[in-house]
Every structure is written in C-alpha cells, then in structure tokens.
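In what follows, a single structure is set out as structure tokens and then discussed.
The values are calculated or read from the model by the stated rules, or taken from the named source; none is laboratory data. Only a predicted model underlies this, so the values are computations on that prediction, with no experimental measurement involved. Methodologically, a virtual Cβ is constructed for each residue, glycine included, from the backbone with ideal geometry; neighbour enumeration extends over all protein chains shown.
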Amino acid sequence: MDAFRIKGGTRLTGRIRIDGSKNAALPLMAAALLADGPITLRNVPELSDIKNMIRLLSELGCNIHRDQDDPGTLTIENADVKQTHARYDIVRTMRASVCVLGPMVARRQRASVAMPGGCAFGHRPVDLHLRGLEALAARIQLREGDIVATADRLQGRTIFLGGPFGSSVLGTANVMSAATLAQGKTVIESAACEPEVVDLARLLNAMGARITGAGSPRIEIEGVDQLGPAEHTVLPDRIVAGTYAIAAGITNGDVILDEFPYDSLLAPLDLLDNIGVHVHKLDNQQDPFSCSVQVTSERRLKPCVLSTQPYPGFPTDLQAQMMALVSLADGNSIITEKIFPERFMHVAELSRMGAQLIRQGATVMVQGTSSLIGAPVMASDLRASACLVLAGMVADGDTTITRVYHLDRGYASMEKVLNSMGADITRYQVDEP
Ligand code: EPZ
C-alpha cells in the first residue's frame, strides 16, 4: 500500500494547472447512459474514482475509448442496454456510483444499484435520490442490498428535493438526468446549485435535453423522447483548486494556478483573504470560471469562524484543509460542519501533529499554535488526507502518511504536483494487513 514521507519546512513557489473536476466528471460519465450515440468528454482527470466509473460503465454495457494522444479525453457509448446491475463490490469502493441510477432507469426502464454503504465520515443516505425517482413514477424496491428501480416511462412531476442538511448534489444529478427522458415537465425545488450540477445540465442540453434553471434552487426539465451524441469539456476542479491555494497559503508561498475556477470559490476566497491568504486574478479579461491567479499570504494568519454550507456557501470539501491552515493562525478559530457533522476524521491525526483542537459535536475550536510537529499519521478519507499533506509540508521534521490511496481518489499525483513547486514528498510502499 502506498504511503508518503513528507519533509517539513516547505515554501511553495512555481506554477501549476488545475485539472478537470472529479465531482463533475462522474455524473457526466453516468449521463452517457442516457444517449443514443457517443458522448465525448474532455479534461477528464486521471483519478482512481474515474477508473472505477469506467469499470462500472463497462460492466453496464458501455464501450469506453480513451484517446491515445490525450488520456483526458473519453468517448462513451451504450452498446448493451440489457446490462443494468451495478454490483456491490464496485459501488462500495465509490459511493458516487449511485449516480448511474437515474440515467439507467430512464433509458433502460430498469436499474439495479447496490445500496452505497457509509464512508469515513458517517452514514451517507440516498433517501432523497429514491424519493425523487419515485416521484417520477419509478417503482423502487430494496432486494438483498440492491436498489431496484423500474419504470416503463418516467412521468414529469414537481418535486421538493430538500433534506435535513439542505440540497443533495448527486440526488439533484440523478433526478435531473432521469427527468430528461420523462413524459412531461419536471420541476425540482430545493435543487443543489453546485457548479457541477450546472456542468451536467450543459452536457444534457447539448444531448438534446431541455433544462432551465440549473445553478438555482429551482430547475425545470421538459422531457424529450431521445437524447443524442454530444461533446463536452469538464470544468476545472474547484476543490483541488482550493486545496492548492490553501497549500500556497500554509507554506507562506507564492504560486500561480492556471485554469483556476475563481468564481466557483468566492466563499472560500473571501474567507482566505480575511485570514491573510490572497488570491489575485492575473488577467481580469479571462473567464472567471477558468483563469490564472497568483496566491500569496501574510506571514501571520488571522483566525476565522467558518460553517460549511451548500453552494454557494463554504464547501464541506475544503473544511479539513482549512483546519490545517488555521491551526497555525494567531488566535482561536471555530469550524462548524453543517453538511456532514461527523466529517472530522482528520481531527485526531492533526492533533498528533500538535494542532490544538477541541471538538464538541459538529464544531471544532482550533487554538492557533506557532508550529506543527511531524509525526506518523494515517489517511482516512479523501479531503482528510489532503489536510495531512498540507500540515506535513509545514511541520517541524518528517511526517509519514499511510493509506494515501484515499488521496489518489481525488488528486492526480499530488506529490508530483507539490514537488514541482518545491515540496519534498516521497511516495513509497508499506506492507499493511
Ligand atoms: C457530493 O456528494 C460530493 N461528491 C461530495 O464530495 C460533497 O462533499 C457533497 O456533494 C456535498 O457537497 C460527489 O459529487 C461525487 P449530498 P453527495 O447528497 O452528492 C444528506 C469529495 O470529497 N443527504 O450533497 O453524495 C447527506 O448525508 C466528496 O469529493 C441525505 O440526507 O452529497 C449530507 O448530509 C465527499 N439524503 C447532505 O445531504 C440523501 O438522499 C449533502 O449530501 C442524500 C444526501
């Protein structure tokens, strides 16, 4: 199993490009199940989650071709629409597999998807997905751990898709995708507003769907009889972008990030600016959703009060990274996790590195300290792993992180990217039971 050895005392300088978004690419790939004809996706990131989705779609009867000259370009085409079972041993490794459910029942009249289990930060229900599809007249049954959805033809309806923690990103993706082939009009109220939902609507409309309102809490979909081929370029990954901006800040570095989705990160960038990490656009004429920025930081960082929210609020996927940053701030910060109240697997590991953290339920008080101490720690989920890498780069001494396969799910060769800007990270093998 892979591990990292990180030498502390890093200051990042240099220039990197932000890859395409994992959380956009996965539902975009699943949308290919709806199409009569090939779907070509560009700027697909090279990640283990993407490889898992390729494996899943292949098992679901899709032919998938990766461009020899550009591994970031995938073409996906339905070949055998009789395959409708997403098996547990794939779904359990990647919860996002659930996003094949809506497209498959809409186009193939049947879908059997293993119920996703929990993950490192607690129970991950799919009740909103199922409620939304049932509202579209899908018949949903649970059989031996599989969600079995059937429908001759889905029927458009007005659906309230809000849950106890607000909207659901993949729930919105599933219902919006399914509604494209429903009979009649569907309205999704309390839809997720994330940029990844907007990107998915762009592809679906290019395939012939009739979606309006994506990016707002109210999405309207006029059902059509068929969706055709299309080409689409995946938008930049706002969480990877935010992670590398925080990496520049925590190391008091000076870096340039290209294809940075500035206007998809206004909440984190506003908070970072108040803390003392400044992200400046190099050219105001560029696309604000994919532009070049310079990241610099004050030597002394200010504390902050942060609560994670659905988009456009502060993203839960940057919560762990921010905790590493403010562990070194001048004063006490308060971090509250309102999306996944258990998403604190990084707290114990960060504490091993000397961070002063006091957790009460879904809130952590971070008492800023002058330095962190390198230590052996263990990765537990994707963004918690990123947090430990950031901390390791600035800690006194060496840090080893085991189980970095968690990191590889969402960051392509993170050690190579950071080493290109001056970090000292070595990937090595460890034998683990
Ligand atoms: C997406 O997960 C992202 N994953 C997550 O990123 C991200 O943390 C999350 O959205 C929130 O922004 C992908 O896009 C592949 P949700 P998703 O449904 O859609 C509750 C990463 O690190 N809920 O928006 O599965 C849920 O428990 C990953 O890249 C229900 O109650 O998340 C949570 O509290 C981690 N019932 C809240 O809603 C449901 O049916 C938001 O979850 C579904 C969700």
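Residues of segment 18-42 that are in a strand (DSSP E or B) and either within 12 Å of SER177 (Cβ to Cβ) or not charged (D, E, K, R) (or both): GLY20, ALA35, ILE39, THR40, LEU41.
Looking across segment 43-65, the residues that are in a helix (DSSP H, G or I) and among the β-branched types (Val, Ile, Thr) come down to ILE50, ILE54. Just one of the numbered conditions (1) free of Cβ contacts under 8 Å to residues at least 24 places away in the same chain; (2) over 21 Å from TYR88 (Cβ atoms) is not true of GLN141: (2).
Within the span defined as segment 33-41, every residue fails to be modelled with pLDDT under 95, surrounded by 23 or more Cβ atoms within 10 Å (Cβ to Cβ) and within 16 Å of the ligand (Cβ to nearest atom).
Report yes if ASP80 is over 12 Å from MET104 (Cβ atoms), in a loop (DSSP other than H, G, I, E, B) and in contact with a Gly (Cβ under 9 Å, 6 or more places away or on another chain), otherwise no.
Yes, satisfied.
Summed over segment 142-162, residues that are among the hydrophobic types (A, V, I, L, M, F, W, C) and surrounded by fewer than 15 Cβ atoms within 10 Å (Cβ to Cβ) total 2.
For segment 206-213, the criterion of a residue being basic (Lys, Arg) and within 16 Å of the ligand (Cβ to nearest atom) is satisfied by no position.
Kindly indicate whether LEU203 is within 16 Å of the ligand (Cβ to nearest atom) and either in contact (Cβ under 8 Å) with a residue 60 or more places away in the chain or not polar (S, T, N, Q) (or both). Answer is yes for this residue. Checked against (1) aromatic (Phe, Trp, Tyr); (2) touching an Asp or Glu at 6+ places or on another chain (Cβ under 6 Å); (3) free of Cβ contacts under 8 Å to residues at least 60 places away in the same chain, PHE314 meets all criteria but (2).
Among the residues making up segment 195-213, a single one is buried (at least 24 other Cβ atoms within 10 Å of the Cβ) and β-branched (Val, Ile, Thr): VAL197.
Taken over segment 163-194, the criterion of being more than 11 Å from the ligand (Cβ to nearest atom), buried (at least 21 other Cβ atoms within 10 Å of the Cβ) and not hydrophobic (A, V, I, L, M, F, W, C) is satisfied by SER177, THR180, THR186. Within segment 303-344, the set of residues being among the aromatic types (Phe, Trp, Tyr), over 25 Å from SER371 (Cα atoms) and not in a strand (DSSP E or B) comprises TYR311, PHE340. The residues on offer are VAL366, VAL394, VAL389, VAL377, and the sole one that is of a type in the set (A, V, I, L, M), within 16 Å of the ligand (Cβ to nearest atom), at pLDDT 95 or above and crowded, with 24+ Cβ neighbours inside 10 Å is VAL389. Counting only residues that are more than 25 Å from ILE339 (Cβ to Cβ) and aromatic (Phe, Trp, Tyr), segment 79-122 holds 1 of them.
Could you list, in sequence order, all residues of segment 107-158 that are over 23 Å from ALA32 (Cα atoms), within 15 Å of the ligand (Cβ to nearest atom), in a loop (DSSP other than H, G, I, E, B) and not basic (Lys, Arg)? GLY117, GLY118, ALA120, PHE121, HIS123, PRO125, listed by residue number. Based on this model, can you work out whether ARG300 counts as touching a residue at least 12 places away in the same chain (Cβ under 8 Å), surrounded by 24 or more Cβ atoms within 10 Å (Cβ to Cβ) and among the basic types (Lys, Arg)? The answer is no for ARG300.
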